[in-house]
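Inspection log for the structure reproduced underneath, given as structure tokens.
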Amino acid sequence: MLVKGSKALIIAALLLTTVSTVAGFMVSPGGYLAPLASPPLIGATGGITGSIWIANVSPLCRVPPTTEPAPPYYNQIEVVITPSPSSDLPLTVPVKWVLIGGCAVHGTFKIGLNPGVYSLTITSCYAVHPDHYLGFIPFCPGLPKTVIVESGARTQVDISITTGIY
């Protein structure tokens, strides 16, 4: 009889814990699910479309220029977008990279966001991802950028990084 009572008590405690956790998800504005359903993404009516150029990545360029997939390590470089004020976690956005003429890489990205002010940088220039730092990018001029997203519109952002390789 004592064993059955203990089982019932354990089940009741687990049920109560589950109910209170779910309630915390629903009522807490910055609650446990904030990173999964961040306010900048919920019902997004605007957004950011961008372009990133990194050049020169090699001292020799092909003439005429050809376009081919970028070396795999460029896939580690993503865009980092932080809402302002930074009450939400930063968002990382993948970038589609291509190598142009063997001497420049070009990346494009797109994300839907709600109206607001955002800070935008790339992972190799962001303190959270120092392992993604590329040795030939000694600094990140003009980053982070402040971006204003308006309702129903896409804001174009262009980033250009010169490596110093000639």
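The values are calculated or read from the model by the stated rules, or taken from the named source; none is laboratory data. None of these values were measured; they are calculated from a predicted model. When we count neighbours, we look across all protein chains shown, and the Cβ atoms used for this are built from the backbone with ideal geometry, even at glycine. Side chains included, ligands, DNA and RNA excluded: accessible areas come from the protein's heavy atoms. Shrake-Rupley method; radii C 1.70, N 1.55, O 1.52, S 1.80 Å.
Expressed in nm to one decimal, what extension gain is obtained for the pair residue 155 and residue 41 from 0.36 nm per residue of sequence separation less their Cα-Cα distance? Before the final figure, lay out each step's value.
Values: separation 114, 0.36 × 114 = 41.04 nm, distance 1.53 nm.
Stretched fully, the residue 155-residue 41 segment lengthens by 39.5 nm.
If amide H atoms are built 1.01 Å from N in the plane of the peptide, which residues on other chains or at least 5 residues away come under 5 Å of the amide H of residue 161?
Long-range HN contacts for residue 161: 53, 54, 55.
How much accessible area per residue does segment 61-124 have, counting only protein heavy atoms and a probe of 1.4 Å, in square angstrom? Kindly include the intermediate steps, with their values, before the conclusion.
Details: 3030 Å² over 64 residues.
For segment 61-124, the solvent-accessible area averages 47 Å² per residue.
So between residue 89 and residue 75, what do we pick up on full extension, going 0.36 nm a residue minus the alpha carbon distance?
Working: separation 14, 0.36 × 14 = 5.04 nm, distance 2.15 nm.
Length difference between fully extended and current span is 2.9 nm.
Could you check the simple spin-label distance between residue 148 and residue 60, using points 7 Å along Cα→Cβ, in nm with one decimal?
A separation of 4.8 nm, rounded to one decimal place.
Can you figure out the FRET efficiency of residue 68 with residue 162, using R₀ = 30 Å and their beta-carbon distance, to the nearest 0.05? It would help to have the intermediate numbers written out before the result.
Details: r = 21 Å, r/R0 = 0.72.
FRET efficiency, residue 68 to residue 162: 0.90.
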